[in-house]
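J.: Structure incoming, see below.
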Amino acid sequence: MPQELSVTAVRAEGMCFTANAGEHTVCLDYPLNEEATLGPTPLQMLLASLAVCAGSTVSLVLEHMRLPLAGLTVEAKGQRRDEHPTVITDIHLEFELRGSGIDRERVDQALKLAETQLCPVWAMLRPGTSIHATFRIVED
């Protein structure tokens, strides 16, 4: 059965909106003046959503494979086009996995599963956005 998700955005001041999702509140800004920001932009939050979704998915898959991590960091960088709408056309995800004895092939499998089957944010963005993922392992 489909699950309905809901977020309410209320203008706070300037171009800053408070987004309410259940009990959680996030301030998002669309700054006209780059020096005075009150929160991340919607596109930064989109990158954050992808990084968190992909990171959580990879982490869960590796846990299921009995490959525990000491830490995981995901950095998402997006290239935004100049003409309107100024969408993100290319995204690079860089995964840094920390731990001992991390198997590169299993990490590659986990990334492929996140990309092709399990991460809903990645699946939504894939048709219109080029997304590339790389990873590096830091041994503890």
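J.: Looking at Glu34, is it modelled with pLDDT under 95, among the acidic types (Asp, Glu) and assigned to a loop (DSSP other than H, G, I, E, B)? Working first, answer last.
T.: On the way: modelled with pLDDT under 95: yes; among the acidic types (Asp, Glu): yes; assigned to a loop (DSSP other than H, G, I, E, B): yes.
Answer is yes for this residue.
J.: Here are the criteria: (1) assigned to a strand (DSSP E or B); (2) more than 20 Å from Thr116 (Cβ to Cβ); (3) assigned by TED's automatic domain parsing to the domain that holds Lys112. Tell me which single one Ala19 does not satisfy.
T.: (3)
J.: Since Thr73 meets every condition but one in (1) under 26 Å from Leu5 (Cα atoms); (2) at pLDDT 95 or above, which condition does it not meet?
T.: (1)
Here is a yes/no grid of residues against (1) under 15 Å from Val58 (Cβ atoms); (2) touching a Ser or Thr at 6+ places or on another chain (Cβ under 6 Å); (3) not aromatic (Phe, Trp, Tyr):
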site: Pro85; (1), (2), (3): no, no, yes
site: His92; (1), (2), (3): no, no, yes
site: Phe95; (1), (2), (3): yes, no, no
site: Cys119; (1), (2), (3): yes, yes, yes
site: Leu125; (1), (2), (3): no, no, yes
site: Thr134; (1), (2), (3): yes, no, yes
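J.: Just the residues that are surrounded by fewer than 18 Cβ atoms within 10 Å (Cβ to Cβ), touching a Leu at 6+ places or on another chain (Cβ under 6 Å) and assigned to a strand (DSSP E or B), please, taken from the stretch 90-130.
T.: Within the stretch 90-130, Gly99 is the sole residue that qualifies.
J.: Residue under question is Thr18, and the condition is that it be surrounded by 15 or more Cβ atoms within 10 Å (Cβ to Cβ) and farther than 22 Å from Pro120 by Cβ; does it hold? Reasoning before the result, please.
T.: Values: surrounded by 15 or more Cβ atoms within 10 Å (Cβ to Cβ): yes; farther than 22 Å from Pro120 by Cβ: yes.
Yes, satisfied.
The values are calculated or read from the model by the stated rules, or taken from the named source; none is laboratory data. Quick caveat: nothing in here was measured; it's all calculated off a predicted structure. Backbone-built Cβ (ideal geometry, glycine too); neighbour counts: all protein chains shown.
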